[in-house]
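The values are calculated or read from the model by the stated rules, or taken from the named source; none is laboratory data. Just so we're clear, the structure is a prediction, and the values are computed from it rather than from any experiment. All Cβ positions, even for glycine, are placed from backbone atoms using ideal geometry, and neighbour counts span all protein chains on display. Areas reflect the complete protein model, heavy atoms only, side chains present, ligands, DNA and RNA absent. Shrake-Rupley method; radii C 1.70, N 1.55, O 1.52, S 1.80 Å.
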Amino acid sequence: MSIRFLGGSVPKVTDEHREAMRTRIQDAALSCFTRKGFAGASMADIIKEADLSAGAVYVYYSSKAELTLDAGKRIMEQRAAELKDFDTAAEVPPPDRVFPALLNSILDDNPFAPLLLQVWAEASHTPDFATIAAEIYSDLTGRFEAYLSLYFHREAGLDEAAAHAKAHQIAPAVLAVMQGSLVQTAIFGTDSRARITSSIEELLAGLAG
């Protein structure tokens, strides 16, 4: 359906078009963040990178913080999507397989891993970024907890209440291990990656009992 306007027509904006525009703007933001860092990249930089007018960008995002949150959620959604598939799987793989694989997928998605470190650094002294980090990590902790609860119930034999309680207790620590692994890799380089991954596997293997 079209809207008549002064003898012409304005095509209806579809959900697909809106999503494509959001993705275009997010991609532009991530490119700018990679080159200039979160603090250094401005909305003007992002608008230029997206090759859109300021009005077109501000239709979708009113601020850099709002845009950053959407871009971060989108990328983490892509990275953590596999955790959603275990509900219908015949077997739920153990944590010492799942989390090292997730870590490697993040590290292989350059330049996303360095951007994560920038978020944490900014979050320590910038309220907008603290909000962004809190929302992203709350979502990740929830995903980790849902997977762990399913694993403890279906594979480790705990009843649902006990599985949920154990997952709720452990999920923040697992996220902390993942964060620390990203930091170590950033500081010590790719040569440290195999040792870090092996250490995570050994640590998490204790949860498989």
Subset of segment 23-40 (residues that are at pLDDT 90 or above and of a type outside the set (Ser, Thr, Tyr)): ARG24, ILE25, GLN26, ASP27, ALA28, ALA29, CYS32
Number of the exception - ASP51 against (1) surrounded by 15 or more Cβ atoms within 10 Å (Cβ to Cβ); (2) modelled with pLDDT of 90 or more; (3) among the charged types (D, E, K, R): (1)
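Being part of a helix (DSSP H, G or I) and at pLDDT below 90 is the filter; apply it to segment 195-209 and report the residue that is nearest to SER138 (Cα to Cα).
To start, the set of residues in segment 195-209 that are part of a helix (DSSP H, G or I) comprises 195-208.
Checking the rest, the ones that are also at pLDDT below 90 come to 206-208.
On the way: GLY206: 25, LEU207: 22, ALA208: 24 Å.
The extreme case among them is LEU207.
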Scope segment 172-209; condition under 16 Å from LEU102 (Cβ atoms), of a type in the set (Ser, Thr, Tyr), open to solvent by less than 30 Å² (accessible area, probe 1.4 Å) and out of contact with any Lys or Arg (no Cβ under 8 Å at 6 or more places or on another chain); matching residues: SER181, THR197
Candidates VAL174, VAL119, filtered to the one that is aliphatic (A, V, I, L, M) and at pLDDT 90 or above: VAL174
Every pair of residues 6+ apart whose Cβ atoms lie under 8 Å, when the first sits in segment 37-58 and is under 21 Å from GLN118 (Cβ atoms) and free of Cβ contacts under 8 Å to residues at least 40 places away in the same chain while the second is part of a loop (DSSP other than H, G, I, E, B) and open to solvent by 50 Å² or more (accessible area, probe 1.4 Å): ILE47/SER53
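Please go through segment 59-83 and give me each residue that is of a type in the set (S, T, N, Q) and within 13 Å of PHE129 (Cβ to Cβ), ordered by number. Write out each step before concluding.
Just the residues of segment 59-83 that are of a type in the set (S, T, N, Q), to begin with: 62-63, 68, 78.
Passing the criteria: SER63, THR68.
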